[in-house]
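These notes concern the structure reproduced below.
The values are calculated or read from the model by the stated rules, or taken from the named source; none is laboratory data. No experiment lies behind these values; they were computed from the predicted model shown. Positions of Cβ are generated from backbone atoms using ideal geometry, with glycine treated the same way; all protein chains shown enter the neighbour counts.
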């Protein structure tokens, strides 16, 4: 592969910028999907960041590899964070914190408070997190919840201080340059893996990923720009319209550019985001459930109902309508989140007793 040296140089350069705690099992596998490839007339691969570990994996573990050194440098006793009740982020933070002897405080938000532990919430409890469940009014978002609980979060931090205990507040998704750089490295990792199939970076026509806050997308776009390849990166959001999403991603790439000390020629035209398949956050759609079942039944691989299934529904729609042409080479980025399958959503359908 003629570009292999340049890719490895890029990876080594990014690695040298930041310490890593090596939680994630890297590189994650890259699988070809032969049955879906034949069905749609494309060459479709799956990048398995659901297998980053520890336990159930997910894209946030790759980020935490490079974000946790910031936390550990503060010699803190607790990590505090918050997100939705079925948050993959909070589950991965809690597992990672346990590996380093830190305790976790979670503020989890939702319009419905569950009566029992299921899915990621079950794992949060097993991991021993201090859990605060906060009800949102209909129409309120995660960010409304963070605003509403700011006073109680600060009060909890002060309570710990009176006991000579410190607490590090980590924003949901880790919107910091180290996390973006982690996914720039992931793009290099993908390029190296594709070389085993005989492909150059320019042979990847599309990378498709779910989008929550946009950090993973920003990292992948940063990696694409570093590789100087023509790959289109398409992101499908997990909820409805987010008016500042493109600005947020653009600013994140700029932050990553400053961090790695390399000017990247990014424009907002480079950012391809689709809001049409997200629906309501944390709620499966009929299209996402159909996509989840299709991948499971054709390839024996599960997606989560909140992120991956919605992005796969978007990809399948693009393929069926010719928005991505036949003959394209596509990598779908599986960002994990499988515990949400067991949170009570009726993914499998009704039981029929004979």
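Residues in the range 273-285 that are modelled with pLDDT of 95 or more and surrounded by fewer than 16 Cβ atoms within 10 Å (Cβ to Cβ): 276 only. The listed residues are 168, 206, 217, and the only one of them that is under 30 Å from residue 102 (Cα atoms), touching a residue at least 60 places away in the same chain (Cβ under 8 Å) and surrounded by 16 or more Cβ atoms within 10 Å (Cβ to Cβ) turns out to be 168.
Only residues that are in a helix (DSSP H, G or I) and either more than 19 Å from residue 32 (Cβ to Cβ) or in contact with a helix residue (DSSP H, G or I) (Cβ under 6 Å, 6 or more places away or on another chain) (or both) were counted in the range 305-317, giving 7. Within the range 319-335, the residues that satisfy the criterion of being surrounded by fewer than 21 Cβ atoms within 10 Å (Cβ to Cβ) and either within 17 Å of the chain's Cα centre (by Cα) or not in a loop (DSSP other than H, G, I, E, B) (or both) are 319, 320, 321, 329. Suppose the filter is part of a helix (DSSP H, G or I), in contact with a helix residue (DSSP H, G or I) (Cβ under 9 Å, 6 or more places away or on another chain), in contact (Cβ under 8 Å) with a residue 60 or more places away in the chain and over 30 Å from residue 195 (Cβ atoms); does residue 287 pass it? So residue 287 does not fit the description; no. For the range 126-157, a tally of residues being touching a strand residue (DSSP E or B) at 6+ places or on another chain (Cβ under 8 Å), under 22 Å from residue 96 (Cβ atoms) and either modelled with pLDDT under 90 or exposed (fewer than 14 other Cβ atoms within 10 Å of the Cβ) (or both) returns 4.
Taken over the range 172-198, the criterion of being surrounded by fewer than 24 Cβ atoms within 10 Å (Cβ to Cβ) and touching a strand residue (DSSP E or B) at 6+ places or on another chain (Cβ under 7 Å) is satisfied by 172, 193. Given the condition farther than 16 Å from residue 212 by Cβ and either buried (at least 18 other Cβ atoms within 10 Å of the Cβ) or out of contact with any helix residue (DSSP H, G or I) (no Cβ under 6 Å at 6 or more places or on another chain) (or both), answer yes or no: does some residue in the range 86-94 qualify? Yes, the range 86-94 contains at least one residue that is farther than 16 Å from residue 212 by Cβ and either buried (at least 18 other Cβ atoms within 10 Å of the Cβ) or out of contact with any helix residue (DSSP H, G or I) (no Cβ under 6 Å at 6 or more places or on another chain) (or both). Is there a residue in the range 234-244 that is under 28 Å from residue 329 (Cβ atoms), under 16 Å from the mean Cα position of the chain (by Cα) and part of a loop (DSSP other than H, G, I, E, B)? Yes, the conditions are met somewhere in the range 234-244.
Residue-wise test of (1) part of a helix (DSSP H, G or I); (2) touching a strand residue (DSSP E or B) at 6+ places or on another chain (Cβ under 7 Å); (3) more than 24 Å from residue 194 (Cβ to Cβ).
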site	(1), (2), (3)
13	yes, no, no
19	no, no, yes
25	no, no, no
56	no, no, yes
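Of all residues in the range 112-125, those satisfying the criterion of being touching a strand residue (DSSP E or B) at 6+ places or on another chain (Cβ under 7 Å) and surrounded by fewer than 20 Cβ atoms within 10 Å (Cβ to Cβ) are 113, 125.
All conditions but one from (1) part of a loop (DSSP other than H, G, I, E, B); (2) free of Cβ contacts under 8 Å to residues at least 60 places away in the same chain; (3) surrounded by fewer than 20 Cβ atoms within 10 Å (Cβ to Cβ) apply to residue 254; the one that does not is (1).
Here are 66, 56: which of them is modelled with pLDDT of 90 or more, touching a helix residue (DSSP H, G or I) at 6+ places or on another chain (Cβ under 6 Å), surrounded by 20 or more Cβ atoms within 10 Å (Cβ to Cβ) and on the phi < 0 side of the Ramachandran plot?
On the way: 56 fails: on the phi < 0 side of the Ramachandran plot.
Checking each option against the conditions leaves just 66.
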